[in-house]
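The values are calculated or read from the model by the stated rules, or taken from the named source; none is laboratory data. Please read all numbers here as calculations on a predicted model, not as lab measurements. All Cβ positions, glycine included, derive from the backbone under ideal geometry; neighbour counts span all protein chains shown.
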Amino acid sequence: STLHICRIIDPMLKSDMFEHILTCLMHAMKNFSMYATAKEQQHWQPLVYKSIGETSVTILGLGEIGGYVAERLVQLGFLVKGWSNSPKALPGVVSFSGQEGLRAAVENSDFVVNILPLTDITRGILDRNLFELCTNETVLINVGRGGHLVENELLEAIDKGQIAQAYLDVFHLEPLPKDHPFWSCSSIFITPHVASRTNISSSVLQV
């Protein structure tokens, strides 16, 4: 018998991913984590926030999902750059490709969002070399795969102030082990692989 392996492209999966990323962006931009801490301390301190029109977002991976997310962010008014292995022409997205384009895509971005597929080329792409291109206000969002991230180098980058915060939805080991250092790092926000999920009712039609 023949086993056919195929990819499901679910519209709900794309929109769920966009909503998750948008939540991370707005949570960081509007300082909600800092206000949560301030509330515990009963400390009233207004903070400077960023607006959408002045916020730059780099999307790593402009495939079916990444391209959709990039276009939706453009529609909202974000300044969007994208990087992929091959050049993409998406309305309003400044697109880069290849290894030489990665630096230009990441430099001076407020947010770096990883939606790449995991391949031999992209494994470990979120590493010390990439973090050194970031500013001390850059926020990393990883909704790709745990294998994209070099975990100890992220912790080093946060400790050095090369990365301000990270929103992580995927990990090398899931569930994340209870003794993992990510749990105790206040600059890392953890979600349990929930950025998007396959919708049974829409996917079964494709199957």
Review point. What is the number of the single condition among (1) free of Cβ contacts under 8 Å to residues at least 60 places away in the same chain; (2) part of a loop (DSSP other than H, G, I, E, B); (3) within 25 Å of Glu19 (Cα to Cα) that Gly144 does not meet?
Key: (1)
Revision key, fill the gap. Flagged in region 28-75 as touching a residue at least 40 places away in the same chain (Cβ under 8 Å), surrounded by fewer than 18 Cβ atoms within 10 Å (Cβ to Cβ), within 20 Å of Ser196 (Cβ to Cβ) and not small (Gly, Ala, Ser), in numbering order, are Glu64
Study note, to complete from the structure: Of (1) part of a helix (DSSP H, G or I); (2) within 15 Å of Leu116 (Cα to Cα), Phe96 fails just (1)
Check your understanding: Restricted to region 191-207, and to residues that are surrounded by 15 or more Cβ atoms within 10 Å (Cβ to Cβ) and in contact with a helix residue (DSSP H, G or I) (Cβ under 8 Å, 6 or more places away or on another chain), which residue is modelled with the lowest pLDDT?
Key -> Asn199
